[in-house]
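S.K.: I am attaching a structure below and will ask some questions about it afterwards.
The values are calculated or read from the model by the stated rules, or taken from the named source; none is laboratory data. Since this is a predicted model, take the numbers as computed values, not measurements. Note that we place each Cβ from the backbone using ideal geometry, even for glycine, and neighbour counts take in every protein chain shown. To get the accessible areas, we keep the full protein, side chains included, count just its heavy atoms, and leave off ligands, DNA and RNA. Shrake-Rupley method; radii C 1.70, N 1.55, O 1.52, S 1.80 Å.
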Amino acid sequence: PEHGSVALAAANILLEKKLPSVDQRLEELRDLLAGKSAYKSSSGIEIAAGDLDALVGSPLLAVDLLPQLFGDDDTKVREAAITVFVKRMYRSHKVSGVEIDEVAGLPVAKFKFQYDTPPLESPMRFGMLAVASV
């Protein structure tokens, strides 16, 4: 127990050294969101180009990189990054109707969700993600 934090830190360092650079991972993610390329991991997980639902459910998705694409020059990439982020953060819920608009030049996502219970028991709820700066 007393060495748990050291073991965790060591494991994180080893994992970080095995991963490609942040810039390379960001470019791969951007190409996936734009529908320019597919992805296949060494463990056999495949994601087709532009398959946002597969990205939402993927254990390989680098959620920490998505916010860096919220201000991307390509509207398709920007909106896909926001949509995947919302659906990933609310993945234990039923998310529907993600709509992205711009308010004061910044992207704002509005969406509906329900708790994952029978529909009659769970009211439709509404959420919003506003990008504060890009």
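S.K.: Determine whether region 58-69 contains at least one residue that is open to solvent by less than 60 Å² (accessible area, probe 1.4 Å), farther than 14 Å from D31 by Cβ, β-branched (V, I, T) and assigned to a helix (DSSP H, G or I).
M.R.: Yes, that holds for at least one residue.
S.K.: Could you please give the count of residues in region 78-115 that are of a type in the set (F, W, Y), open to solvent by 50 Å² or more (accessible area, probe 1.4 Å) and under 15 Å from the mean Cα position of the chain (by Cα)?
M.R.: 1
S.K.: Restricting to region 1-47, what's the tally of residues that are part of a helix (DSSP H, G or I) and exposed (fewer than 11 other Cβ atoms within 10 Å of the Cβ)?
M.R.: 16
S.K.: Here's another thing I want to ask about it. Cβ-Cβ below 7 Å, separation at least six or inter-chain, first residue in region 52-69 and over 14 Å from L19 (Cβ atoms), second in a helix (DSSP H, G or I) and of a type in the set (V, I, T): which pairs?
M.R.: Cβ pairs passing all conditions: L52/T83; L52/V84; L55/V84; V56/V84; L66/V84; L69/V77.
S.K.: Would you mind telling me which numbered condition in (1) over 14 Å from the mean Cα position of the chain (by Cα); (2) at pLDDT 85 or above L29 fails?
M.R.: (1)
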